[in-house]
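To start, the structure itself, in structure tokens.
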């Protein structure tokens, strides 16, 4: 116990005075007391950590206007389905071919899907966030009431992560919401799904593409990815009743039900009992109608948005086709 406490204290840098002193707040002290009792920390040790946490108003500003609430599918196409992102993704695949092939062999997730997720999340590791995770999670835990319960849980996971992985807790950086590394894992996802894919004894999703690749593939596999199965496909459905589309992310309509509505040709090869997700998107070329299968739903477990999952899918198809894939858009 003494060694663990001393080691943990070495993972923080000298304390600086800040406008908001989290360690002096009663709710923080209550959080510390509960976490210390549950996870065998020393309370003074944890309070030392919170003397480094800095309130960030720009984090509050960012989370109250997340892009996912305002971006249309046409905007997603402009941002993610581009020549630059395709070429950079192909370069990433060439540089990490062995790791991507090993991830496919181990987890069944195709290299283009793993690459597309990393490409959408962080432009292949180039834009992974400059917020200190300690600041982000402390600000959102104690100064953002709408989601304080969720972020307090993630803050506890983050402190455990730092102890387990022997990380400098004041130096880890990520997004304004505390997502970290090339694949943007929140702390609970890191602890549950990040893997040491190169066997060097560390799960480094910030600087080690091999670990990041294995971790993304493992995440999808653990959420039910089906090896070598289709993800989604476009259909002609302009005459189909509009109320069957965009009902839920989870597959909720059977193939048999869709067939009765006139969608016969595109669905004839599928199991009538299979559940799918009918989607209508407003893209740059107008309305699009898509059928999402199980693997499409699995991608939405990474980010709960059909637009996100469609961007990942279509970018992955662009990576298959190569440079110029989106030139006509």
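Details
- For residue 115, the test of being exposed (fewer than 13 other Cβ atoms within 10 Å of the Cβ) and either under 24 Å from the mean Cα position of the chain (by Cα) or at pLDDT below 95 (or both) is failed.
- Cβ-Cβ under 6 Å pairs, at least 6 apart or on other chains, the range 96-118 side in contact (Cβ under 8 Å) with a residue 12 or more places away in the chain, far side buried (at least 24 other Cβ atoms within 10 Å of the Cβ) and in a loop (DSSP other than H, G, I, E, B): 118/182; 118/183
- Subset tally (residues that are surrounded by fewer than 23 Cβ atoms within 10 Å (Cβ to Cβ), free of Cβ contacts under 8 Å to residues at least 40 places away in the same chain and touching a helix residue (DSSP H, G or I) at 6+ places or on another chain (Cβ under 9 Å)) for the range 205-230: 1
- Selection status of residue 131, free of Cβ contacts under 8 Å to residues at least 60 places away in the same chain and either surrounded by 19 or more Cβ atoms within 10 Å (Cβ to Cβ) or in contact with a strand residue (DSSP E or B) (Cβ under 6 Å, 6 or more places away or on another chain) (or both): no
- Counting only helices (runs of 4 or more DSSP H) that fall entirely inside the range 248-327 and contain at least 3 residues that are in contact with a strand residue (DSSP E or B) (Cβ under 9 Å, 6 or more places away or on another chain), the qualifying elements are 294-302, 306-321.
- Of all residues in the range 163-218, exactly one satisfies the criterion of being in a loop (DSSP other than H, G, I, E, B), closer than 21 Å to residue 312 by Cβ and over 16 Å from the mean Cα position of the chain (by Cα), namely 197.
- Matching entry among 202, 197, 245, 233 (being over 30 Å from residue 43 (Cα atoms), touching a helix residue (DSSP H, G or I) at 6+ places or on another chain (Cβ under 8 Å) and at pLDDT below 95): 233
The values are calculated or read from the model by the stated rules, or taken from the named source; none is laboratory data. Note that the structure is a prediction, hence the values are computed from the model and not measured. As a convention, Cβ positions derive from the backbone with ideal geometry for all residues, glycine included, and neighbour counts pool all protein chains shown.
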